[in-house]
Amino acid sequence: MFAGKTTALISAIESIQKQRVVVFKPAIDTRYATDAVVSHAGKAVPAMGVNRAQQMLEQVTEDCDVVGIDEAHFFDAALSAVIETLVGCGRDVFATSLDFDSWGRPFPLIERLISRADHTSLLHAVCAQCQHQADRTQRRTPVVDGIMVGGAESYEPRCKTCWRPPPQTPPQ
Ligand SMILES: [Zn+2]
């Protein structure tokens, strides 16, 4: 979040020429638009909001060459198999994600994706409190009944010193 990963995704997508691209985003992420991936600087590419990873397979057409996925950590565990299927069919897949959840725990799904990726790049945001390098995500709204209500606006980047885990028990 705020580390420039959506900007990096948009740059990668824009650099692709003469190939058909489809970009997916979590339907929960409605910060700037429901039908586009938008960076904090306002750059945008069209994107389709989906609730479940499996829906990506239903939406990818025969002539699609490249698949972009923004905020991959919001998706369910099936995303791993969905990406394997897409890559197995000859598609290139670009995905962005956070690496730690609100409790500072690595996302198991993302660890799995990183271990299988051909290329990864780690981007750092600036702590919203002290301006040092941030490597944690601060939850800004309460966790209700273990459900992470709200989209990306419910989070901000923090360094380890300024970061506080939510008081609620983390969902399993
Ligand atoms: Zn800080």
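Values quoted throughout were computed directly from the atomic coordinates according to the rules given, and no laboratory measurement underlies them. Predicted, not measured: the structure shown is a model, and the values here were computed from it. Ideal geometry is used to build each Cβ from the backbone, glycine not excepted, and the neighbour counts take in all protein chains shown.
What to note about this one:
- Radius of gyration, Dmax [the range 1-81; alpha carbons; angstrom]: 12.1, 34
- At R0 = 30 Å, FRET efficiency that the Cβ-Cβ distance of Asn51 and Leu122 yields, to 0.05: 0.60
- In a DSSP loop and with at most 14 other Cβ atoms within 10 Å, the trypsin sites (Lys or Arg not before Pro) in the range 87-148 are Arg140.
- Antiparallel DSSP beta bridges within the chain, as percent of all bridges there, nearest 5: 50 percent
- Available extension along the chain between Arg20 and Val144 is 40.6 nm, counting 0.36 nm per residue and deducting the alpha carbon span.
- If the segment from Glu111 to Lys160 were pulled out straight at 0.36 nm per residue, it would be longer than the present Cα-Cα gap by 15.6 nm.
- Among Ser11, Ser121, Ser154, residue whose mean-square fluctuation peaks in a GNM of the chain (springs only between Cα atoms under 10 Å): Ser121
- The stretch between Gln59 and Glu153, if pulled fully straight at 0.36 nm per residue, gains 31.2 nm over its current Cα-Cα span.
- Choice from Gln129, Gln138, Gln54 showing the highest fluctuation, given a GNM over the chain with Cα pairs closer than 10 Å: Gln129
- Cα pair distances of the chain binned at 10 Å [whole percent]: 10, 38, 37, 13, 2
- Between Ala77 and Lys43, the distance separating the two model label sites (each 7 Å from Cα on the Cα→Cβ line) works out to 3.6 nm.
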